[in-house]
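Report on the following structure.
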């Protein structure tokens, strides 16, 4: 299901939107329904099979944040205890770094420039060992991608490769924000893309 919202115009020309992803996310506040579905779902539940993808375009920058329960990606959520678990987590981290294979931006001339991956609650070092008892059992992967696009207005379709990489992902709740578009889409393995126009 895809919902498209048209951003409202500012009441006064004195309102200036600063150039940042946060400003674009603040723009989404004008369409509470758009973010309510994704934010409520992410905050209230840790649903196996489900993931979220939030994309913001600001000028020639495209920022994307992907979040998924670890169960979808490595098949467990406990702290990696043996070599097999540790290897699975490290492999997943390396695969998540390949953002150009996971977020497919055919148009727009977008090039991946930065990636940050977090494997919350999965790997620990000696300093974290004493906190193991506090682990709530809900571990997740978070990936932040930054792309630079030569012609971001030419971007017409966004597709994802997460389903092929990790069959444990059954749906991705997606929000796409730009100066011209506010889109909410539910991506599935048989429908892994959405139209920007």
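I'd like to verify a number: residues in the stretch 162-182 that are in a strand (DSSP E or B) and within 15 Å of the chain's Cα centre (by Cα), how many? Let's see the steps before the verdict.
First, pick out the residues of the stretch 162-182 that are in a strand (DSSP E or B): 171-177, 182.
This time we only want the ones that are within 15 Å of the chain's Cα centre (by Cα), so: 171-177.
Here the count works out to 7.
Only a single criterion out of (1) in contact with a strand residue (DSSP E or B) (Cβ under 6 Å, 6 or more places away or on another chain); (2) within 12 Å of residue 144 (Cα to Cα) is not satisfied by residue 98, namely (1).
For residue 104, indicate whether it is in contact (Cβ under 8 Å) with a residue 60 or more places away in the chain and closer than 21 Å to residue 157 by Cα.
Details: in contact (Cβ under 8 Å) with a residue 60 or more places away in the chain: yes; closer than 21 Å to residue 157 by Cα: yes.
Criteria met by residue 104.
Listed by position, the strands (runs of 3 or more DSSP E) contained in the stretch 1-102 that have at least 2 residues being within 19 Å of residue 114 (Cβ to Cβ) and at pLDDT 95 or above are 50-58, 61-69.
The values are calculated or read from the model by the stated rules, or taken from the named source; none is laboratory data. Quick caveat, the model's predicted, so the values are computed rather than measured. No Cβ is skipped: glycine too gets one built from the backbone with ideal geometry, and neighbour counts run over all protein chains shown.
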